[in-house]
Every structure is written in C-alpha cells, then in structure tokens.
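Asks: One structure follows; several queries about it will come next.
The values are calculated or read from the model by the stated rules, or taken from the named source; none is laboratory data. What you are looking at is a predicted structure, and each value in this text was computed from that prediction instead of being measured. Here the Cβ is made from the backbone with ideal geometry for all residues, glycine too, and neighbour counts use every protein chain on show. Remember, those area values only see protein heavy atoms, side chains included, never the ligands or the DNA or RNA. Shrake-Rupley method; radii C 1.70, N 1.55, O 1.52, S 1.80 Å.
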Amino acid sequence: MPEFQHIEAKPVAGALGAEISGIDLGHIDEETLDEIRRALHEYLVIFFRGQDITPAQQLAFARRWGDIHVHPFIKGMDDYPEILEIRKTPADKSNFGGAWHSDQMFSPRPAMGTILYARQVPSKGGDTLFTNQYLAYETLSDGLRETLAGLRAVSVGDRFKSTGGRTRLDIHAERPSMQVKDPGNVQTTASHPVVRTHPETGRKALYIGGHCQHFDGLTDAESAPLLDWLCQHSTKPEFQCRFRWEEGSVAFWDNRCTQHYALDDYPGETRVMHRVTICGDTPV
C-alpha cells in the first residue's frame, strides 16, 4: 500500500477502489495532485466524500489531467457544455450507463478518465459498480492470452447489442431527461486492441465492454462465443467494488483499466450527476 503525506486512502474492496479523505477538490496544490495521481494508479477508481464544488471547479480539476472530451451524442449543460448533467427522473424508463462499459471506447482516442459528481441522489439505490481489468487479464490462461495477442475489437457508439440494436435516438425516447444531439462528423466507430497496455503503469489490461460489437475481421456470429465469455469473465464479482453515493460524493475512475455499471434500482426517485470526461490516447 502506498504511503501518502497529503491524503488518506482507505481501500473499499480487495480488487480496486479507495476512498480519499483530507482534501477539498476545489483547492488542490501540486503535491496533493501528485498523490491523487498515485492513488488513481494504485486503486484504479478513487472516491471523495463531502465535496462542495462548482461546475467551474470540477472542470478546473479535470483540466489538470488533460483536455476535456465533449460527448458526441449527448448535449452538455447550457452554461458548461463540457459537463454532462446525467439526470434520471421518475419519467425515465431506463438510466444512462446501465451496462458494463468503459467510456468512449467507440472513439479513436477513448477517454482517459471520468469524474462524476453527485448533485442529487435517491433515498436508496443508484450505486455504481466498477471492475478491475488488470485482474481480468492476469487471471486468463497463458493459452488464451496468446490467442488474444494482436486481436482487435470494433466498438460502436450508436447501436448496442445490449439494447437489441436500438440507436441512441431510440433509447432517448425512454430517457426524456437526457438530450441527444447529432454527432456530425465525429467518428463514433473504432477498432482497438482487446488487450491494451496502460501508458503510465505499463500493465496490461483486458479492454472490452458494452460498446464492443465484434472482433476486427470477424462477423458478429463468429465473434460472439469468445466475446461474450470475455465480457462475463471481466465482470466477475471478485474483480469488483461497489460505491454507494451520497450528495457531494465524487468518483474518479481510470477508463484504461476499468469498466463500470450504473445500477437502475430506484424507481420513482430522481438522481442527478455531473460528469466530466478527460481525453485519452490511442490504445496500444
């Protein structure tokens, strides 16, 4: 376990995740930022309780990690277009992020990280699950690792197998609280390695999720047996942690080595989150 001088880190599960205490995300010096970076690399997803930050402060913190990614399909806030207000009300029949995935896998340069801030939470439910993709890779047999070496998967941003091939506009009809936009000329289909090397830690991670449709060069039917098995393997309970939200909580996860799943188990209640996504690199 790493030693820190400016923060305290309390692991929440054996596989990944830690709550970070002793800081205000609205006022971070360089030494503290360096320790937060170390904690993110160690725990893959880190959580902060009791934060009271403005949209401008959330963006300022995110920009210290890289450029901000603008979502190609979902409209941002009027005053802060780089922030998505992820709102689910009793009128919505489904939630946003309700399947295992890594953010923006359909982009040529997928998201490095995501910072999610709880503005309003239901009285119960609405937790988020995370899974460690280093462990998902490291627990594969040597033979399967050899099979996956060099294999690539195609990720698509608009049609998902998990929703029966429906488009974003189809799904939007069930989520009146979320505003969909036309992606224009933004590329929303990309091919990436099934095993990627983290550019900062050098560790290998399984890189799949709900956006993956098939292996590059193979049909959906040919890809399905192995792809479905990998998706199930990557989300085994022993690779997971679970975060129970409170108003003012922040989660910051590394999309390069995790997947996440937003639970939709709070019927009749409202959940409002502010999400900022940080640009990443080309997976190798």
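Asks: Considering the dipole of the chain built from charges on the beta carbon (Lys and Arg +1, Asp and Glu -1) around the Cα centre, which of F96, Q213, A149 is farthest to its positive end?
Replies: Q213
Asks: To continue, here is another question. When the accessible area of the chain is split by element with a 1.4 Å probe, what percent falls to carbon and sulfur?
Replies: On the way: 6000 of 12630 Å².
On the chain, the fraction of accessible area on carbon and sulfur atoms equals 48 percent.
Asks: I would also like to ask the following. Quick one: what are the phi-derived ³J(HN,Hα) couplings along the stretch 190-196, Karplus 6.51/-1.76/1.60 with θ = phi - 60°, whole Hz, x for glycine and proline?
Replies: 8, 10, 9, x, 6, 10, 10
Asks: Let me ask something else about it. Which percent of Cα-Cα pairs in the stretch 1-61 sits in each 5 Å bin, short to long?
Replies: Answer for the stretch 1-61: a P(r) of 4, 18, 30, 26, 15, 6, 1 percent.
Asks: If you don't mind, another one. Relative contact order of the stretch 1-134, please, whole-number percent, based on alpha carbon pairs below 8 angstrom and at least 6 residues apart.
Replies: On the way: 106 pairs, mean separation 25.4, N = 134.
Computed value for the stretch 1-134: 19 percent relative contact order.
Asks: Taking only the Cα atoms of the stretch 88-127, how large is their convex hull per residue, in Å³? Mind showing how you got there, number by number?
Replies: Details: hull volume 4.2 nm³, N = 40.
Looking at the stretch 88-127, the number lands at 104 Å³ per residue.
Asks: Distance in nm between label sites at S94 and H6, each 7 Å beyond Cα in the beta-carbon direction?
Replies: Roughly 4.2 nm, to one decimal.
Asks: Now for a separate question. Order 133-141, 185-193 from most to least packed using the mean count of other Cβ atoms within 10 Å. Let's see the in-between values first.
Replies: Numbers: 133-141: 19.2, 185-193: 15.8.
Sorting 133-141, 185-193 by mean packing, highest first, produces 133-141, 185-193.
Asks: Moving to a separate point now. Short version: ³J(HN,Hα) in whole Hz for each residue of the stretch 103-119, in order, from phi by Karplus 6.51 cos²θ - 1.76 cosθ + 1.60 (θ = phi - 60°), x for Gly and Pro, what are they?
Replies: 4, 6, 4, 7, 8, x, 10, x, 4, 6, x, 9, 10, 10, 10, 7, 9
Asks: Now, a different point. Using a Gaussian network for the chain with springs between C-alpha atoms less than 10 Å apart, which of these wobbles most: T128, T219, T197?
Replies: In this elastic network of the chain, the residue with the biggest mean-square fluctuation among T128, T219, T197 is T219.
Asks: Scan the chain and note any complete DSSP helix (H) whose C-alpha atoms cover at least 18 Å along its axis and whose Kyte-Doolittle average is -1.0 or more. Show your work: numbers first, answer last.
Replies: On the way: long enough: 30-43 (19 Å, -1.27); 220-234 (20 Å, -0.25).
Membrane-span-like by this criterion, though nothing is claimed about a membrane: 220-234.
Asks: With a probe of 1.4 Å, find how much accessible area the stretch 186-272 has per residue, and write the answer as a whole number in Å².
Replies: Values: 3630 Å² over 87 residues.
Per residue, the stretch 186-272 has an accessible area of 42 Å².
Asks: If you don't mind, there's one more thing I want to ask. Given charges of +1 on the Cβ of Lys and Arg and -1 on the Cβ of Asp and Glu, with all other atoms neutral, how large is the dipole of the chain about its Cα centre, in debye to the nearest 20?
Replies: Values: 30 positive and 39 negative charges, 137 e Å.
Rounded to the nearest 20 debye, it is 660 debye.
Asks: First obtain the Kirkwood hydrodynamic radius of the chain from its Cα pairs, then insert it into the Stokes-Einstein equation at 37 °C and 0.692 mPa s, and state the resulting D in µm² per second as a whole number.
Replies: Numbers: Rh = 19.3 Å.
This corresponds to a translational diffusion coefficient of 170 µm²/s.
Asks: Here's another thing I want to ask about it. L218 to E269: FRET efficiency via 1/(1 + (r/R0)^6), r the Cβ-Cβ distance, R0 30 Å, to the nearest 0.05?
Replies: Values: r = 42 Å, r/R0 = 1.41.
It comes to 0.10.
Asks: Go ahead and set up a Gaussian network model of the chain, Cα springs under 10 Å, then flag whichever of D79, D24, D34 fluctuates most.
Replies: Looking only at D79, D24, D34, the biggest GNM fluctuation is shown by D79.
Asks: Projected area of the stretch 1-141, taken from the Cα convex hull and averaged over every viewing direction, in nm²?
Replies: Numbers: hull surface 43.4 nm².
Hull-based average projected area comes out at 10.9 nm².
Asks: About the Cα centre, and with charges only on the beta carbon of Lys, Arg (+1) and Asp, Glu (-1), how big is the dipole of the stretch 63-106? Nearest 20 debye, please. Before the final figure, lay out the partial values.
Replies: Numbers: 6 positive and 7 negative charges, 31 e Å.
Dipole magnitude for the stretch 63-106 comes out near 160 debye.
Asks: For the stretch 71-150, how big is the tail of P(r) above 14 Å, as a whole percent of Cα pairs?
Replies: The proportion of pairs with Cα distances above 14 Å equals 77 percent.
Asks: Continuing with the same structure: Per residue, how many Å² of accessible area does the stretch 16-55 show with a 1.4 Å probe? All intermediate terms of the calculation are to be shown ahead of the outcome.
Replies: Numbers: 1620 Å² over 40 residues.
I get 40 Å² per residue for the stretch 16-55.
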